[in-house]
Amino acid sequence: MSSDQIKPILKKITLRKRVSQNSESVSTQEREQLMLGILNGLLMGEMTQGQALMALRINVLNMKQNQYAQLIKLSIKTLSDLEQGKGNMSQDTVNQAFRPFGLTTSIVPIKKSLIMDALNYEFKS
C-alpha cells in the first residue's frame, strides 16, 4: 500500500484521543488500516513516536494508559512521559512500549524521498 493510498484512510478514520467504554469494536481490517496509517504518519514525520504510541494504544487496542502500562510492564509515568515526548528514554524502553504492535526502533532516513525510494526498491541480483 503506497503513501497516497494510506493518507485517505487516515482522513476517513478519525483517530480517537481517549479510550471510551462505549466505543465500537474495530474490525481486523480497520485495525490494520489504522496501524498502516499511523506508521505512515510516523515514517513521514507527521507524528512523533509518542503520538504514534498513544494513537496505537487507543485506536488499535482501545486500552487505557494504566492497562497498557501493566501489559508492557512499564510504570504509568514512564508510559506517559514516552507518549508526551518527555524525558530521554532508552531504546530498550521504547522497544518494550512498541513490542505489542510488532514494532521496534531502527534507523530511519530523515528525507521522505529516501524513505519512499527504500520502500519501492527492488533488489536485483
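Each reported figure results from applying straightforward, stated rules to the coordinates on display, with no laboratory input. What you see is a predicted model, and the numbers here were worked out from it, not measured in a lab. Cβ coordinates were reconstructed from backbone atoms using ideal geometry, including for glycine residues, and neighbour counts include every protein chain displayed.
Entry note, region 59-114: relative contact order of 23 percent, from Cα contacts under 8 Å with a spacing of 6+ residues. In a shell of Cβ-Cβ distance under 13 Å around residue 52, excluding residue 52 itself, what net charge do Lys and Arg (+1) and Asp and Glu (-1) give? For residues surrounding residue 52, the net value is -1. Shown in residue order for region 31-38 are the 3J(HN,Hα) couplings computed by the Karplus curve 6.51 cos²θ - 1.76 cosθ + 1.60 at θ = phi - 60°: 4, 5, 5, 4, 4, 4, x, 5 Hz (x for Gly and Pro). Applying 1/(1 + (r/R0)^6) with R0 = 30 Å to the Cβ-Cβ distance of residue 19 and residue 99 gives a FRET efficiency near 0.90. Look at 57, 99, 18 and count the other Cβ atoms within 10 Å of each Cβ; fewest to most, that gives 18, 99, 57.
Gain on full extension, evaluated as 0.36 nm per residue between residue 64 and residue 113 minus their Cα-Cα distance, stands at 14.1 nm.
Ordering 62, 76, 41 by the projection of their Cα atoms onto the charge dipole of region 26-78, which places +1 on the Cβ of Lys and Arg and -1 on the Cβ of Asp and Glu, puts 76 at the extreme positive end.
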